[in-house]
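Some notes on the structure that comes next.
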Amino acid sequence: MISRRRFGASVALLLGTLAMPLLFAAETDEDARLDAFFESVFQRGLDRSPTRQSALGIRRDQDKWDDIGEARALESHELLKRDLSVLRSFDVAKLSPQARLSYRMFERSAERGIADFRWRDHDYAMTQMGGLHTRVPSTLTNSHPIATRADADAYIARVAGVGPLMAQAIAGLVRQEAKGIRPPRFVYAQVIGPCENMLKGAPFDAGVADSPILADFRAKVTKADFTDAERADLLARVTAALLGGFATGYRALIAHLRAAEAQADTIDGIWKLPDGQAYYEAQLESYTTLPLKAADVHELGLREVARIHDEMRAIMKRVGFAGNLQDFFAFMRSDPQFYHPDNDAGRAAYVAEANALLDEIRKRQSELFGVLPKAEVVVRPTEAWREKSAPKAQYRNPPQDGSSPGIFYINLADMKAQPRYQLAATLYHEAIPGHHVETCIAHEMTGLPKFRRFASIAAFSEGWGLYSERLPKEMGLYADPYSDFGRLSLELMRACRLVVDTGIHHIKWTRERATAYFDENMPSSHYDNQREIDRYIVIPGQATSYYVGMQKFLELRSRAKAKLGPAFDLRAFHDVALGAGPLPLPILDEQIAAWIAGGGKGRNA
């Protein structure tokens, strides 16, 4: 799961030593007032974001898109400043401990949001990693079910509304470009490709298969309870909307991107942007939730890369491989035993293998947690229309209405890019015990304000994901040494990220030098390494959140084991760590310290 920006379990989930105060939190007037304030702010945010409503399974403004204009951004900024002022009118002394934590979380988020408003145009609006150009089809296909005529009408309205939506997006790009902010030139082709894919197939081309959106709409209305006449009418209307506003919007966007591509440079680091170094410092602190220095992050990466290389050499000896580490890397890249064929049968075999691994860890997840998510998770290949630019794997959380499960997406565009020895670690990271568990525990929780349950904190979530790759080894999984090598190769990638992210954006490495570093230190192919580096170029700082977050989880667990001794309970530790929703790392540290001070009692956080 890639966090782009910073920012039902029972009440017993919430903080061991704070559990009793929390039980009475709702009884205090100040707590109740604060909860009402948080709920009003959250609902206002939902009212202002129809796409967020859809992602959460709320069928309210299904016929609308978000307003992404500059006026709305300025208005949101003023609302946030007002929210912070209202928050500070509450009497903190009268709040319960858990309500005080919510107060601190909201205050921190608001302060960061206000401070970071100056950087609102520094985030590249559209890249190969995402943007409105992919959010539109993703919302329609993944978050817009059709069960009624109203659902279908709203879907058609959204398709037609892509025209004015893309006009707003283009205005935003123009505003960025006027400030000298545009991604490096190589990014444009990777954005234009998925846009063009939206306009391939029927009804844009005669006598061919349906385009992605028409295929999705047709499948949904076919499954729904409509008469043949109703289906024919709906298909005619969505066809007109696709040929109208949808095509107009995407064609205008493609034309703008082609013109902007000609003006783009080949400088990769964000140091090139106005106040670029200050922006990168803000990004590092935002994604890691810690005041880290780029130079220190770079050195940490170098040390960890060396350590992991030594562990890989131990595996090399275990399997009796003769040669150096680079020779072993070449062997792992090329030997056919590590890859499924690059055909339909190979893809089906890969999905079957993923499902078998998922079934295995699902049966044993109660060894790691006292509280388990209610929602299920399934394995799906990444949709064909976006697979060339999509990540190798990602997780999509289920909607709140329970209409569909969480999804572990695996990109099968190139089977040589998906070695079998990395599948287990990838699945553990994205599904169980990783993002699916972490996300759903928070979303299904009661007793917490929604802004905390649905918070996005990269260091917490991605740190948990990387930590989750290690847990199955402690359970006796990764018994095959090559699978354990796969686990180490993914940990190595996150350590290398510390080096290259800071290298590109702080030390001013080029794309070529960063790729060369990966080529020298990673077992992955040059093509895969290039794709990884391209990701770090367009989302500066995000790649550092994984390793920094994992180290914090490991540090806290080690501290708890040392201080609690025989009283330490791994399941309780995990329930505590996840039981207050996503947290900035310093606050997570405080919560675990409180749990330890209470003797590690209960599975609460």
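Structure notes:
- Here the range 132-273 was treated as a single set of alpha-carbon atoms; its pair distances binned every 5 Å from 0 give 2, 9, 18, 20, 16, 12, 9, 7, 4, 2, 1, 0 percent.
- Pairs of Cα atoms farther than 24 Å apart, the range 72-210, %: 55
- Long pairs among Lys363/Lys450; Lys392/Lys473; Lys374/Lys450; Lys64/Lys450; Lys94/Lys450; Lys64/Lys374, criterion Cα-Cα beyond 25 Å: Lys363/Lys450; Lys64/Lys374
- Anisotropy class of the range 191-331 from Cα gyration tensor, a/c 1.5 cut: prolate
- Tail weight of P(r) past 16 Å, computed on alpha-carbon pairs of the range 395-519, percent: 70
- Reachable lysines, given that their alpha-carbon falls under 17 Å from the alpha-carbon of Lys563 and they are not under 8 places away in the same chain: Lys552, Lys601
- Charge sum, other residues only, whose C-beta stays under 11 Å from Lys94's C-beta, Lys/Arg counted +1 and Asp/Glu -1: -2
- Student exercise, the range 132-273 dipole from Lys, Arg, Asp, Glu Cβ charges, in Debye to nearest 20: 400
- Summed over all non-identical Cα pairs, the Kirkwood treatment of the range 266-362 gives a radius of 18.1 Å.
- Overall shape of the range 75-156 was characterised from the C-alpha gyration tensor. The equivalent ellipsoid obtained from it has semi-axes of 36, 21, 12 Å, in decreasing order.
- The Rg/Rh ratio for the range 374-453 is 1.04, where Rg is the radius of gyration of the alpha carbons and Rh is the Kirkwood radius.
- In terms of its C-alpha gyration tensor, the range 308-463 comes out prolate, because a/c is 1.5 or above and the ratio a/b outweighs b/c.
- Per-residue ellipticity at 222 nm from helix content only, as computed over the chain with -39500 (n - 2.57) for each DSSP H run of at least four residues, stands at -19000 deg cm²/dmol.
- Each DSSP beta bridge with both residues in the chain is either parallel or antiparallel, and the antiparallel ones are about 45%.
- On the principal axes of its alpha carbon atoms, the chain extends 71, 69, 52 Å, with the longest extent given first.
We did not get these values from a lab; they are worked out from the coordinates using the rules stated. Just so we're clear, the structure is a prediction, and the values are computed from it rather than from any experiment. As a convention, Cβ positions derive from the backbone with ideal geometry for all residues, glycine included, and neighbour counts pool all protein chains shown.
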